[in-house]
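Working notes, beginning with the structure itself.
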Amino acid sequence: MGLLEKNFNPKEVEDKWYNYWEKNNLFTAKTDSNKPPFSIVIPPPNVTGSLHMGHALNVTIQDILTRWKIMSGFNVLWVPGTDHAGIATQNVVEKELSKQGLDRHKIGRQAFIEKVWEWKAEYGGRIIHQLKKLGCACDWSRERFTLDEGLSRAVREVFVRLFEEGLLYRDNRLINWCPRCHTALSDLEVEYEEIEGKLYFIKYPLTSNTGKNEENLINIATTRPETMLGDTAVAVHPEDPRYSHLIGKTVELPLTNRKIKIISESSVDPSFGTGALKVTPAHDFNDEIIGRLHKIPFISVITEDGRMSGDAGDRYKGLDRYECRKKIIANLKEEGLLAGEQRHLHAVGHCYRCKTIIEPILSVQWYVKIESLALEAVRLVREGNIRLIPNAWDNNYYSWMKDIKDWCISRQIWWGHQIPVWYCPDCSGNGGGLQGNVIEHIFYEPLRVNNNTISGGTYSHLRKAGLKHEDIIKNSKIIRIPKEVKPLSQRQDIEECPNCKSKDIIRDPDVLDTWFSSALWPFSTLGWPENTKELKTFYPTSVLVTGFDILFFWVARMIMMGSKFMQREPFKDVYIHALVRDLDGHKMSKSKGNVIDPLVMIERYGTDAFRFSLAAFAAQGRDVRFSEKKVEGYRHFINKIWNASKFILNYREFRSDKSSINEYAEQLDLPSMWILNRLAMTAQGINKELSEYRFNDAASKIYHFIWHEFCDWYIEIVKPVLYKGDDEAKKVIVNCLFFILDNILRMLHPFMPFITEEIWNSIYADKTSIMTSAYPSEFPFYTDAEELMSFFIDAVSGIRHIRGELNINPSLEIIAGIKTLSQKAEIVLRENISAIMKLTKCREINIGEDIARSEDSAVTIKNNMEIYVPLGGLLDIKSEMARLIKDKRKTESELSFVSKKLSNEDFLKNAPTDIIEKEREKFNILAEKSQKTSESIKILKTIKG
RNA sequence: AGGCGCGUAGCUCAGUGGGAGAGCGCUUCCUUGACGCGGAAGAGGCCAGGGGUUCAAUCCCCCUCGCGCCUACCA
């Protein structure tokens, strides 16, 4: 390593050092260390994804913590990994297939899953590569994937145990269904969005009378007319005077020949719509509740494809739900049963992955009984085992956990952990098989068998038609197993029914919600269910760093699963950082086109500048509005560090071998003691801020120390010694400079890993990484230096102030005087007189109690010091004033002439535009000049006074 | 509707029960031997508005206005 290059070139050093750290195992945690453990598990990014700003902020924070703790003497493990992201990944691959005119059903489950794995092999490394670009000190030897073998074992173990404990069940109830993704979604996976729809008013004729006049109709409002085909009641409020007398009577459901009852239901809001509610228990969550309460029939009229079912009637069967809506409206109009329509704003649920409008449909799904788990999860936070930071999230957390519903965990997709449950169609024994003729309800929709398209039917129907068991299973598009069929949950795959030994068993085709495996992440990545050393050493993890958007999706569920299966909280702290938004405060999204790519920032400004910006942005409790300007600013900071280091390294020959200043302690001058005290304060401050997750404060402290204290003051002060001092004096200063620089690099390393390593290696030839050095924490304070140095600094600023205000040419050496009554101040000033003179370009400074000052001196008072600069010879105030006043008069008269011209309408109308433009410019220039001369006169006046 | 947060310099934002801050931008000056991605000196703010608590409020409490987010509902 030699002296530093002229400019810092991030691209040249970043990969070099990252490879070096990796090769030397500096990120690798030990399981046999006697250092205290510190561990973080990364929120696993989607394996098919690429790095966005949110990730960048998220992992930068984790990396700062990781490197800080490594250097602070901890045995640190940061577990990296990726998430299989069920629906999202499946959608990506399905899109690829559709480009080739294929879909997953055409190629079959096995082939499709192989395709996804191929996709993963090709693109799954991208996000990992990007994490490395950011400098993440992850332990790559422990990288995990939510679908890898070990994690799959953990998932299965958890599922089977929950099953055995009765915390899992299947139920046929209304769920959020995405007709495009063709799967159930949990409540959290539905996004509500305000949409302008229509409210239709439909007339339902009463059947008790024969005529169809107005009194014999009930007007009903709906936004989804197509669901009326599944209506099984009309509900009214029991005390609604308009309708209460009709309770118990029946109406004829238009467009069908069904008759339905009018029921009394207090949850109906008489003030909405017409006050009468059509009840569609199979397609609306509220209606489902009413339906169960009143034990009215459930009629499913919309299928999983989003089309109308056979129960919708022959007229509508097979129509798309929105086609059907149009047709229904048309038909109602024809029959004179449409009373009207109006525009209506309402929130409609959309699939969070593909934005398709979800459809509530009846379906058999797996659920986790959540109540007992949630209670425990609340307790862990309430009793302080887990801290949410900032704790403003506590209330959100509690209220969500209080109203939490059972978690629907089955998804009708193929990419994910297939549910480890089998059903036996042949078995009539106890404990696992079918009872009676339930088998008739297992419904299949085979697509093709031996290249013949076969229509669907029940299992036994197809068997009778001569199909083989495995062909049915392999080729079916939809397999629905009624909830009456007993499931058999197994730790190992089975080939035959344990009860009747039949080989014709069916595995549950569904896979688990992707968040199910994520929920186990803190312990599954450490080797659970094996009792590994990693688990023993690193569980519970120290801190989880995450955005609030997945607080409930993920964090809450990790807490539940961690406490259930590890009997302990999965992490002690949860640091919840902000969302990265664009400059206008909008969420960054591809569709809005306001996305800033972290890799572009890295390309333009270097990783260190980008990381430091993120840290500086990360104030608690507020969203980040990302601005490129700020990154640019911190690139300047990097340049500053680089140049200061370069400067100091020029004097390396005067550095003693030890990087300690102890041997010079006796010879330190005031500025050196002062800067050492500031270093001590900064180091102490940064450790405190980091331990409280105040990254922005830590960043600004170190920024201020390096730039405005070390560079602006200390280096400037010691320059004369370096240029002209004797070797002995140089030695003291140079060792102090190196000592500070050494500590600056170490303090800065967690924020800026690359540049610090580069400079570090230019200082020290022994090729040890800065990562193996200790993080600065405790230093001796030179508290007295603060007060003494303030005289120095204020004297310099005072003289500079006068020079600046009076515009005294910087090349001009002046005389100044400082009058002070403080003996301390006087001593400080006298001892540092040459440095002060150098910094203020004075050829003489008189110090003392009784300094005479001439009449024309400019004066300023700071820190009980009267600082003055005699102006004799520098400025002739009288003639200067006269000149300025003359100047002012002239300017003002010109100005008034021009402004008259510019307010003359004839001139404005008739003159060529370029002439007018010129006059305007002239006006601006004159106005500015006038302003300036006025100000100068003002300053001169104050000096005289 | 309920809850949470925000409103501080032209812009983006820190911050604190007692003196109003940073970065960028702006003005003036400076080719001083680390750095013009620099240095020095400045201008600019009833800390959203109103009320209260206090010796003292930008900060604590209440209300109003404006903005954002979350949760729930919407036939």
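Only the coordinates and a few stated rules stand behind these numbers; no lab work does. Computed from a predicted structure; not experimentally measured. Note that each Cβ is placed from the backbone with ideal geometry, even for glycine, and that neighbours are counted across all protein chains shown.
At-a-glance table
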read-out: Positive dipole terminus of segment A:462-621, leading residue within A:Phe516, A:Phe612, A:Thr541 (C-beta point charges); value: A:Phe516
read-out: Volume per residue that the Cα convex hull of segment A:131-175 spans, once the total is divided by residue count, Å³; value: 140
read-out: Amide H within-cut-off set for A:Cys842, under 5 Å, with H built and near neighbours excluded; value: A:Ile814
read-out: DSSP-defined antiparallel bridges as percent of all bridges, chain A, nearest 5; value: 70
read-out: Nearest-ten-degree value, helix A:628-649 long axis tilted from longest Cα axis of chain A; value: 50
read-out: Estimated 222 nm signal from helices in chain A, with DSSP H stretches of n ≥ 4 weighted -39500 (n - 2.57), rounded to 500; value: -13500 deg cm²/dmol
read-out: Viscosity 1.306 mPa s, temperature 10 °C, Stokes-Einstein D of segment A:51-200 from Kirkwood C-alpha radius, µm²/s; value: 82
read-out: Scattering profile of chain A at q = 0.04, 0.05, 0.07 Å⁻¹ [log10 I(q)/I(0), Debye over alpha-carbon scatterers]; value: -0.33, -0.49, -0.80
read-out: Residues A:Thr546, A:Thr222, A:Thr514, A:Thr207, sorted so that the one with the fewest Cβ neighbours within 10 Å comes first; value: A:Thr207, A:Thr222, A:Thr546, A:Thr514
read-out: Whole-Å semi-axes of segment A:738-801's equivalent ellipsoid (Cα gyration tensor); value: 32, 15, 10
read-out: Cross-link pairs beyond the 18 Å C-alpha cut-off, checked among A:Lys355/A:Lys587; A:Lys95/A:Lys355; A:Lys295/A:Lys369; A:Lys477/A:Lys503; A:Lys95/A:Lys474; A:Lys731/A:Lys824; value: A:Lys295/A:Lys369; A:Lys477/A:Lys503; A:Lys95/A:Lys474; A:Lys731/A:Lys824
read-out: 4 °C / 1.567 mPa s Stokes-Einstein diffusion coefficient of segment A:47-103, Kirkwood radius on C-alpha pairs, µm²/s; value: 91
read-out: Positive-end extreme of charge dipole, chain A - chosen from A:Leu871, A:Cys408, A:Leu229 (charges on Cβ); value: A:Leu229
read-out: Alpha-carbon Debye profile of segment A:99-185, log10 I(q)/I(0) at 0.12, 0.20, 0.24, 0.26 Å⁻¹; value: -0.70, -1.15, -1.18, -1.22
read-out: Equivalent ellipsoid semi-axes - Cα gyration tensor, segment A:669-822, angstrom; value: 32, 19, 15
read-out: Relative contact order (%) - chain A, alpha-carbon pairs under 8 angstrom, separation at least six; value: 12
read-out: Cα-Cα pairs of segment A:496-561 separated by more than 18 Å (percent); value: 55
read-out: Between 0 and 90°, nearest 10: helix A:86-99 axis offset from chain A longest Cα axis; value: 80
read-out: Kirkwood Rh, Cα atoms: Rg over Rh of segment A:309-413; value: 1.18
read-out: For segment A:607-726, projected area of the alpha-carbon convex hull averaged over all directions, nm²; value: 9.0
read-out: Estimated D of segment A:186-317 in µm² per second, where Rh is the Kirkwood radius over Cα pairs and Stokes-Einstein applies at 37 °C, 0.692 mPa s; value: 212
read-out: Residue order, fewest to most beta carbons within 10 Å, for A:Asp726, A:Asp406; value: A:Asp726, A:Asp406
read-out: Calculated SAXS-style log₁₀ I(q)/I(0) at q = 0.18, 0.22 Å⁻¹ - segment A:629-683, Debye, Cα scatterers; value: -0.86, -1.06
read-out: Cα-based convex hull, segment A:112-158, per residue volume (Å³, whole number); value: 90
read-out: Ranking of A:Lys69, A:Lys501 by count of other Cβ atoms within 10 Å, fewest first; value: A:Lys501, A:Lys69
